[in-house]
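The values are calculated or read from the model by the stated rules, or taken from the named source; none is laboratory data. Quantities reported herein were computed from a predicted structural model and do not represent experimental measurements. No Cβ is skipped: glycine too gets one built from the backbone with ideal geometry, and neighbour counts run over all protein chains shown.
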Amino acid sequence: MTAPIRVPNPRGEMIEPPEVSASDAKNGFGRILERVAREGGVTITRRHEPVAVVIPIETYRRLAAAEAGSLETLSGEFDALLARMQAPGAGEAMQRAFEMMPEELGRAAVDAATLADRSTMPTVPNTGDAGASRRARPA
């Protein structure tokens, strides 16, 4: 069984679009377009299985823009990870990680996460020493 298909209707509510058989869609495409404009989308079926969804152009553009943004973000994250993996010493560090016992690897992961967490904490002025700063502690 396939997951239900949902599209936003003109009011922005997520609905399951009405289903239309492929033969009905072929014979009455103008009516299909009217339903798409009125209801937000139509699922085209063949032998009661969904094969296509017709959606308004605005919905398509919004989905395509969101996907492109996600792909750009993912591509940037991949490039950054690849650069870190190619940094001097990265190969030796990975070899050491593969040679560690599970407990050692776990401790190293916690230490690295703690260090990364500390490096991203905002700094706040230290009232005891002018010009000095300290790390803010989460509440």
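The figures follow:
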read-out	value
Residue match in region 12-27 (condition: within 13 Å of Ile57 (Cα to Cα) and surrounded by 11 or more Cβ atoms within 10 Å (Cβ to Cβ))	no
Subset of region 36-58 [in a helix (DSSP H, G or I), surrounded by fewer than 17 Cβ atoms within 10 Å (Cβ to Cβ) and in contact with a strand residue (DSSP E or B) (Cβ under 8 Å, 6 or more places away or on another chain)]	Glu39
Matching residues in region 54-79 - criterion: being over 25 Å from Arg35 (Cα atoms) and either in contact with a Gly (Cβ under 9 Å, 6 or more places away or on another chain) or among the aromatic types (Phe, Trp, Tyr) (or both)	Phe78
Unmet requirement for Thr73, which otherwise passes all of (1) of a type in the set (Val, Ile, Thr); (2) within 30 Å of Ala25 (Cβ to Cβ); (3) outside the structural domain of Arg11 (by TED's automatic domain parsing)	(2)
Odd one out for Arg84, checked against (1) basic (Lys, Arg); (2) surrounded by 10 or more Cβ atoms within 10 Å (Cβ to Cβ); (3) under 30 Å from Asp111 (Cβ atoms)	(2)
Residue match in region 90-101 (condition: touching a Lys or Arg at 6+ places or on another chain (Cβ under 8 Å) and at pLDDT below 90)	yes
